[in-house]
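The values are calculated or read from the model by the stated rules, or taken from the named source; none is laboratory data. It should be emphasised that the depicted structure is a prediction, and the values quoted were computed from it without experimental measurement. Neighbour counts run over all protein chains shown; Cβ positions are idealised from the backbone, glycine included. Keep in mind that these areas ignore ligands, DNA and RNA; they rest on the heavy atoms of the full protein, side chains included. Shrake-Rupley method; radii C 1.70, N 1.55, O 1.52, S 1.80 Å.
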Amino acid sequence: MPGLTIGDTIPNLALETTHGKIRIHEFVGDGYAIVFSHPGDFTPVCTTELGKMAAYAAEFEKRGVKLLGLSCDSVESHKEWIKDIEAYTPGCHVTYPIAADPKGEVIKELNMVDPDEKDSKGKALPSRALHIVGPDKRVKASFLYPASTGRNMDEVLRVVDSVQKAAKHKVATPANWKPGEPVVIGPSVTDEEAKKMFPNGWETADLPSKKGYLRFTNV
Ligand code: BEZ
């Protein structure tokens, strides 16, 4: 089994966090959530990542997205580590909860295990995994990065914008798309349907195949 992936319902796990006990589905509620793991507390790249996530928290909140961090360290360790995170990224406040997973069970359930990272006792450690979860509690997008690569929060935000745009307008976003740029009408939408859905029309790219499948519109 490949483990939790796009389209799956995220398990409604009960988690111990720096904000007390939560259950994932109740935490997601009627909005979106980003559940993201990091290899360990008091490690260099993770310290930069969690600070950047805190610095972007207001942008995520504007989009109705809650943040939930996770590593295999304890809640006490997370609370101590937050002091370092906030000191390293001045002005940031870690207002989102960070979940503990001392037995490494949650990272298995959420498909966040890094096959190459183990602690001194040989226990599995998390990769830099990230799931964007929708109001239906299904995974809309996932990132899976190795411990050696810190994530780009602009890209996380861009993917949230794409996922929400697609959900609202039944469109898709092309390569390197940014908010405000034209979007693509998906292949399952016929031209007849598109006329009703996109009254401002669309532009079709003139390609050698003349199949007319690359249609751009603004929504
Ligand atoms: C880091 O956060 O810098 C890190 C953590 C685990 C392995 C490698 C790097």
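Values as computed for the structure displayed
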| read-out | value |
| --- | --- |
| Percent of alpha-carbon pairs separated by more than 18 Å within segment 170-217 | 26 |
| Cα-Cα P(r), the chain, percent of pairs per 5 Å interval | 1, 7, 14, 17, 17, 14, 10, 7, 6, 4, 3, 1, 0 |
| Spatially proximal lysines relative to LYS83 (Cα-Cα < 16 Å; intrachain offsets below 8 disregarded) | LYS52 |
| Solvent-accessible area per residue for the chain (1.4 angstrom probe, square angstrom) | 53 |
| Set LYS140/LYS165; LYS170/LYS196; LYS21/LYS103; LYS140/LYS211; LYS62/LYS168; LYS137/LYS168 screened for pairs whose C-alpha atoms are more than 19 Å apart | LYS140/LYS211 |
| Percent accessible area from carbon and sulfur atoms, segment 170-217, protein chains only, probe 1.4 Å | 55 |
| Distance between segment 154-173 and segment 188-219 - C-alpha centres, whole angstrom | 19 |
| Helix 153-169 vs. the chain, principal-axis angle (Cα, 0 to 90°, nearest 10) | 40 |
| Dipole magnitude of segment 170-217, debye to nearest 20 (Cβ charges: Lys/Arg +1, Asp/Glu -1, about Cα centre) | 80 |
| Mean shadow area of segment 1-60, taken as a quarter of the surface of its Cα convex hull (nm²) | 5.7 |
